[in-house]
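Data first, discussion second: the structure below is written as structure tokens.
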Amino acid sequence: MQSMVDYAHSELSRYLPCACAVDFTLGQGNDTLFLSQYADTVYAFDIQQKAIELSSRRINSQNVHLVLDSHVHFDRYVESFDVGIFNLGYMPGISHEVTTVLETTQKAIKKAVECMRQAIVIVVYIGHAAGAQEGQWLEEYCSSLDSHRFNVSTYRMMNKRQAPYVITIEKR
């Protein structure tokens with residue numbers, strides 16, 4: 001069985017290649033690196049300078065724009081995009097005190113849903129307090145999306161209650 005990140009990448013690959021992709025949560029740059037191989041332009045956002053530094057060493061590509069800013073401000077840099085990924089939670093190997101939080105995640109995802117041309121993939125980590133809040137809100141929000149405009153699916157381990165899972169929101 002694939003890891004959640006591998007599954008997220010396989011979901012994204014259904015819409016690739018593309019003109020513009022957004023990694024809303026840069027972290028160590030794994031998703032950005034993946035997208036850079038298939039998208040003409042990639043924008044990647046993080047509020048941590050350490051994430052920008054680590055990723056800039058790994059990703060040496062002219063089509064990638066690493067942005068030190070919150071994902072909630074993505075629309076200051078890009079009007080619309082084909083595919084996007086949120087890998088919620090904290091950056092592995094760095095302080096677990098810095099996590100995505102419900103308030104900005106809500107705003108960013110709501111804006112992203114309106115700006116996407118194809119799909120958004122969200123990896124949800126519910127094993128910590130902030131992630132549990134995000135997961136609960138995402139379940140409610142995604143379930144309420146208009147089924148005439150969007151298809152929404154989940155991929156999860158049914159026998160592991162605290163395991164990460166993936167939500168895909170596809171524009172119809």
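Read-outs: derived from the displayed coordinates by stated rules, not from any lab. From a predicted model like this one, the values you see are computed outputs, not experimental measurements. Neighbour counts run over all protein chains shown; Cβ positions are idealised from the backbone, glycine included.
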Is it possible to state the helix-based mean residue ellipticity at 222 nm for the chain, with each DSSP H run of 4+ residues giving -39500 (n - 2.57), the sum divided by total residues, to the nearest 500 deg cm²/dmol? What is it?
-10000 deg cm²/dmol
Please find the FRET efficiency linking Q49 to D146, where r is the Cβ-Cβ separation and R0 is fixed at 41 Å, and quote it to the nearest 0.05.
0.60
Listed by chain and number, the residues whose amide H is under 5 Å from that of A39, excluding neighbours fewer than 5 places away on the same chain and using placed H, are C18
Two-site label geometry, E79 and Q133: point separation in nm, points 7 Å out along Cα→Cβ:
3.5 nm
Difference of contour (0.36 nm per residue) and Cα-Cα distance, N159 to V98:
19.1 nm
Applying the Karplus parametrisation 6.51 cos²θ - 1.76 cosθ + 1.60 with θ = phi - 60° to the phi angles of region 13-18, what ³J(HN,Hα) value in whole Hz is obtained for each residue in order, glycine and proline being reported as x?
4, 5, 10, 10, x, 8
Computed over the chain: relative contact order in percent, which uses C-alpha pairs under 8 Å that are six or more apart:
21 percent
Computed ³J(HN,Hα) along region 75-80: with the Karplus parameters 6.51/-1.76/1.60, θ = phi - 60°, integer Hz and x for glycine or proline, the list is 6, 6, 10, 8, 7, 8
How far apart, in nm, are two points set 7 Å out from the Cα along the Cα-to-Cβ line at E114 and at D69?
1.7 nm
Rounded to the nearest 5, the percent of antiparallel DSSP beta bridges in region 1-128 equals 5 percent
Normalised contact order of region 105-172, rounded percent, pairs of Cα under 8 Å and 6 or more residues apart
40 percent
